[in-house]
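The values are calculated or read from the model by the stated rules, or taken from the named source; none is laboratory data. A quick note: this is a predicted structure, and the numbers were derived from the prediction, not measured. A quick note on method: Cβ atoms are made from the backbone with ideal geometry, for glycine too, and the neighbour counts reach across all protein chains shown. These accessible areas exclude ligands, DNA and RNA; they are computed on the full protein's heavy atoms, side chains included. Shrake-Rupley method; radii C 1.70, N 1.55, O 1.52, S 1.80 Å.
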Amino acid sequence: MPDLGQTVAEGKIVRWLKQPGDRVEKGEPLFEVETDKVTMEVEAFRAGYLHEILVGGGEIAGAATPIAILTDSPNESHGGPSSHAPEPGFKKTSSVTASGSVPGVQRKHARRRTTSPAPERVVAPPRSTTEPKLTTDQKLGMYRRMVLCRMFEERVYYLFLEGRLPGTIHQSQGQEASAVGVCSVLEPGDMITSTHRPHSHAIARGVSVTSLMAELFAKATGCCRGKGGSMHVGDRDAGMLPAIAIVGGGIPLAAGCALSFQYLKQPNIVACFFGEGATNIGTFHEGVNIAAIWDLPVVFVCENNRYAASTAVEKVMKVRRVSERAAAYGIPGETQDGNDVEVVYRAMARAAARARDGAGPTLLELETYRLAGHSRSDPGHYRAAEEVAGWKVRDPIAAYETRLLAEGLLRPKAVAEIRSAIDHELDEAVARAEQGPEPRPEDCLSDVFSE
Amino acid sequence: MVEALREALREEMRRDERVILLGEDIGVEGGFGGAFTVTLGLSEEFGHRRVIDTPISEAAIAGVATGAALGGLRPVADVQYGDFLFLAMDQLANNAAKLRYMSGGKLTVPMVFRAPVGATTRGAQHGQSLEAFFMHVPGLKVACPSNPYDAKGLLKTAVRDDNPVIFFEHKLLYGSKGSRKEKGGLQVLGVVPEEEYLIPFGQAKVLRPGRDATIVANLLMVHKSMQAATMLADDGIEAEVIDVRTLVPLDWSTVFESVEKTGKLIIVEEDNLTGGWGAEVAARIADSCIDYLDAPIRRVAAPDTPVPFAPVMENFYVPSAEKIVAAVNAVVSWR
C-alpha cells in the first residue's frame, strides 16, 4: 500500500482494476483506494504481471504493507508474500472520483478558467544584439540538469510512497526550465533564495544531490544536517540560502543579501524565486519596493504555475499578469514562457546583466505549470483534466529534448545514456543517504545560537 | 541614555565598516535622527551609504537586515515603536531566529533590532512592553538596559554578537532633556566612559544588596524598584534589587543566589501579567529554589489589558513603587 499522505495511516482497497495473471503496464491504473481524505486510482510504477492479490477489494491495508505481488514474467515462481514483497511503489493519479472532497463550484470554476497552455508574451523587450549565444555544451548541460531535476523528484516521489522519507514534500515536476534557465546564468558567489518547493532550485544551483537526498532522509550528512528538511534545503557555499517556507518570506531576505553585495562592492547578484501566490503578500510589496528604490542587484523570479496550493491565480489577482505589478515599483517587468529553458535563460541573462550593471531589479514572470500536486497528498481535483493535459504536452523537458534531437545537438543514444547515468547517480545518492548516520537526538539542542 | 546609545553606535561604526544602520527617519537631513533622536548626526559622519533611511516597511527592514547579515554585514535596524515589531514578526521569528538552526549551524545572523517600549500616554499601539514575545523565540537574544552605562556597553556587545539581538529601550529612560524628551521621563544620570567598554550578556547586576527580599526587574521597573526599596528601608525592610539587563541569556545564578539568601521573590515588569517574562522567572525559581522560599512568589506587572491612554488610567496600569512596596510587605509578612 503506497504511503497516501502524512496523516493517512491506511487505505481501503475499493476494487482491483486488474486480476491475477493480467499484464500490467507502467502507469496503468492498478486499483482504487479510499482513505478518510480522498478516493483515487493508483497506477503501477513498474510493468509486470499481477501474480497475486494479498489484500482484496473492500479490505483495509496499512501504508507500506504488501498488498499484491508483481512479477516480471507471467509464471514466475515466488516464495510467498513474506519472502517476496512487491516493490512498494505506486504512482497516484489525479483522476476525479466520487470523494466529495472538492466543492463543485470550485471545479466548475477551474474548468471555466481553463487557460490556454501557450502563454502570449507581454512586455518582452527587443532582443539586444549582445544577447549571449548558448553553446552546444551549455544547451546539453541545461538539458541534462533538467533531466536530473525531474528524475530526482520522481525518485523522491517513490521514496515517499514507500514510506522511506519522513515529512512532506512539495514537488516541482514541470517547473524545471525556470529553475535551470535562471540558475544557468548565475556565477559563483551569486545567491538564490527559494521556497517550500525548492528541490529543482537546489539542483539547478548545484547543491550536491547527495547532500540533498541525505537531507530528505533526515540524516546528519544532509545539507542542513537533518535540521532543515525538504522545505529548507540549501547550501550557502553552493550559492543557495536555506529555502524559506513561509510564502513571500524570502523576498526581503533576498533584498538584504543583495544590499550586502552592493555595499561590499561584490559583483554578485541574487535570484529570488517565488510563486505567483506570493505576489499578494506584504513582503513582496515591501521587498520589491526597497530593492527598486536602492537599485539592488536582485532578479525577482516569479514562477507562475497558476495555482497557489489549490487557488487559481485569477481568483486572487485583478491584474492579468504578475509582471504588470512591476510598474508599481518603477522597475521592468516581463512575462516569458517558463517552460522554454532557452527563453528563460535569455530573459534571465538580460535581467542579471541589468542587476550587475547597477541598474536595479527586474520582475521576471515565468509561466509554467506544476505537473504534480501541491504537496504529496494533493490529487489536484481543482484543475480541469484538459488543462493538465494541455500543459503535459508542453512538458519543458520533452519539448527541449525534441528540439535538441531535431537540431542534431543530441543523439538519440545520448538520451538513454544521460538517463542511465543520472539513474546511477541517484542510486548512489540514495545508497549513501541510507548508509549515512542519523543525527543524535540531542543534536536537536545545538545550532540555536552561534557561540 | 540617547547619547550613550548614539556613542555606542558611533564607536562600533568607526571600528567596523560592516556595521550599517537601517530604519525610518534615521538619517534624513533636517530630520530628527529616528523617533527618539538616537541616530541624530550619524548620517553626517557616516553618510547615507551606512545610515540608510527606509520606507515604512517593517517586514522589509527586518528581512533586509537579516539578509544583509547573512551576506556579511552587521546591520543595526530599528523600529520607531516596539509595537511595530509585530509587522516584522515573521522575518524576526521565522527567518532571523531560525536560519542558523535550519542550516545546521552553517550560517550566522549578526544583527541588532532596536525597539523603544513602555507606556508614555500614547495608548494601546505605541506603549506596549514586548520582551516576553521575543524571549519565547529560540535563536533570539534579548537585551533591556535600565541606564546609560549599561545601554552603551550592552549595545556594543550586541553589535559584535553573531546572533540576532532584540534590543529594548524604554522611552522614559531616553532622557529628560532634548527635542524629543518624554513627559515624565526620568533623568537617569550616570557616568558613561568615553572609552571603550563592553558589558557581556547574561550578567545581571545587583543594584542594592538586601537580606529580606529579592526584587528582580528590568528597564523602567528597575528604577521603580529602587524607589520602592528606599521606601521599604524606612520601615527597616532591606530589599535586594537585581537588574536582569538581558533576558536572553538570563543570569540565573545571580537570581538563584539572591533568592537562596532572602527566601522571598518579587518580580516587577511593565508587560501584561499573563505570560510575561516574570512568569518564566517564577517558574524557574519554583523549579530550582523551592526549598529556600519562605513565601509565595509575587509578580507586580501591568494588568491584562491594552495600554490605556488617560494618564490617570495609565498610572494605574504601570506598576508603581507603591505597588511594589505592597507586594514586598505582603511577602515579608507572610504567615
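Quick notes on this structure:
- Some residue of region B:133-140 being outside any loop (DSSP other than H, G, I, E, B), under 26 Å from residue A:444 (Cβ atoms) and aromatic (Phe, Trp, Tyr): yes
- Within region A:395-451, considering residues that are of a type in the set (S, T, N, Q) and farther than 30 Å from residue B:139 by Cβ, the one least open to solvent (accessible area, probe 1.4 Å): A:420
- Subset of region A:235-247 (residues that are open to solvent by 10 Å² or more (accessible area, probe 1.4 Å) and more than 7 Å from chain B (Cβ to nearest Cβ)): A:235, A:237, A:238, A:245, A:247
- Scanning region B:238-258 for residues that are crowded, with 20+ Cβ neighbours inside 10 Å and among the hydrophobic types (A, V, I, L, M, F, W, C) returns B:239, B:241, B:242, B:244, B:247, B:248, B:250, B:255.
- Of all positions in region A:334-347, at least one carries a residue that is in a helix (DSSP H, G or I) and within 17 Å of the chain's Cα centre (by Cα).
- Verdict on residue A:201 being over 24 Å from residue A:434 (Cβ atoms), in contact with a helix residue (DSSP H, G or I) (Cβ under 8 Å, 6 or more places away or on another chain) and either open to solvent by 30 Å² or more (accessible area, probe 1.4 Å) or of a type in the set (Lys, Arg) (or both): no
- Output for region A:248-271, where each listed residue is facing chain B (nearest Cβ under 10 Å) and not in a helix (DSSP H, G or I): A:248, A:249, A:264, A:266, A:268, A:270
- The residues on offer are A:290, A:331, A:281, and the sole one that is assigned by TED's automatic domain parsing to the domain that holds residue A:391 and surrounded by 24 or more Cβ atoms within 10 Å (Cβ to Cβ) is A:290.
- Within the option set B:76, B:64, B:38, B:51, being β-branched (Val, Ile, Thr) and touching a Ser or Thr at 6+ places or on another chain (Cβ under 7 Å) holds for one residue only, B:51.
The rows are residues; the columns are (1) open to solvent by less than 30 Å² (accessible area, probe 1.4 Å); (2) out of contact with any strand residue (DSSP E or B) (no Cβ under 6 Å at 6 or more places or on another chain); (3) within 22 Å of residue B:88 (Cβ to Cβ).
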site: B:143; (1), (2), (3): yes, no, yes
site: B:172; (1), (2), (3): yes, yes, no
site: B:190; (1), (2), (3): no, yes, no
site: B:195; (1), (2), (3): no, yes, no
site: B:198; (1), (2), (3): no, yes, no
site: B:205; (1), (2), (3): no, no, no
site: B:214; (1), (2), (3): yes, no, no
site: B:219; (1), (2), (3): yes, no, yes
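- Per-region count, region B:259-281, residues open to solvent by less than 20 Å² (accessible area, probe 1.4 Å), within 20 Å of the chain's Cα centre (by Cα) and not β-branched (Val, Ile, Thr): 6
- Listed conditions (1) within 7 Å of another protein chain (Cβ to nearest Cβ); (2) in contact (Cβ under 8 Å) with a residue 60 or more places away in the chain are all met by residue A:232, apart from (2).
- Residue check for residue B:135: touching a strand residue (DSSP E or B) at 6+ places or on another chain (Cβ under 6 Å) and at the interface with another protein chain (Cβ under 10 Å from one of its Cβ atoms): no
- Top-ranked residue in region A:314-327 [being β-branched (Val, Ile, Thr) and open to solvent by 10 Å² or more (accessible area, probe 1.4 Å); ranked as farthest from the other protein chains (Cβ to nearest Cβ)]: A:319
- Qualifying residues in region A:289-331 (those that are aliphatic (A, V, I, L, M) and assigned to a strand (DSSP E or B)) - the one nearest to residue A:194 (Cα to Cα): A:301
- Note on region B:85-109: residues that are under 30 Å from residue A:221 (Cα atoms) and open to solvent by 10 Å² or more (accessible area, probe 1.4 Å) amount to 10.
- Members of region B:239-252 found to be more than 22 Å from residue B:140 (Cβ to Cβ) and either without any contact (Cβ under 8 Å) to a residue 12 or more places away in the chain or touching a Lys or Arg at 6+ places or on another chain (Cβ under 6 Å) (or both), listed by number: B:241
- Residues that are in contact (Cβ under 8 Å) with a residue 60 or more places away in the chain and either surrounded by fewer than 22 Cβ atoms within 10 Å (Cβ to Cβ) or outside the structural domain of residue B:59 (by TED's automatic domain parsing) (or both), drawn from region B:20-46: B:32, B:35, B:37
- Counting only residues that are assigned to a helix (DSSP H, G or I) and either within 9 Å of another protein chain (Cβ to nearest Cβ) or among the aliphatic types (A, V, I, L, M) (or both), region A:277-288 holds 7 of them.
- For region A:348-383, the candidate set comprises residues that are farther than 17 Å from residue A:271 by Cα and of a type in the set (Lys, Arg); within that set, the residue that is least open to solvent (accessible area, probe 1.4 Å) is A:370.
- Residues (more than 10 Å from every other protein chain (Cβ to nearest Cβ) and either open to solvent by 10 Å² or more (accessible area, probe 1.4 Å) or farther than 20 Å from residue A:339 by Cα (or both)) located in region A:293-304: A:295, A:297, A:303
- The residue list B:121, B:108 contains one member that is β-branched (Val, Ile, Thr), away from chain A (no Cβ under 12 Å) and over 18 Å from the mean Cα position of the chain (by Cα), which is B:121.
- Among the residues listed as B:335, B:284, B:298, the single one being buried (at least 20 other Cβ atoms within 10 Å of the Cβ) and over 19 Å from the mean Cα position of the chain (by Cα): B:298
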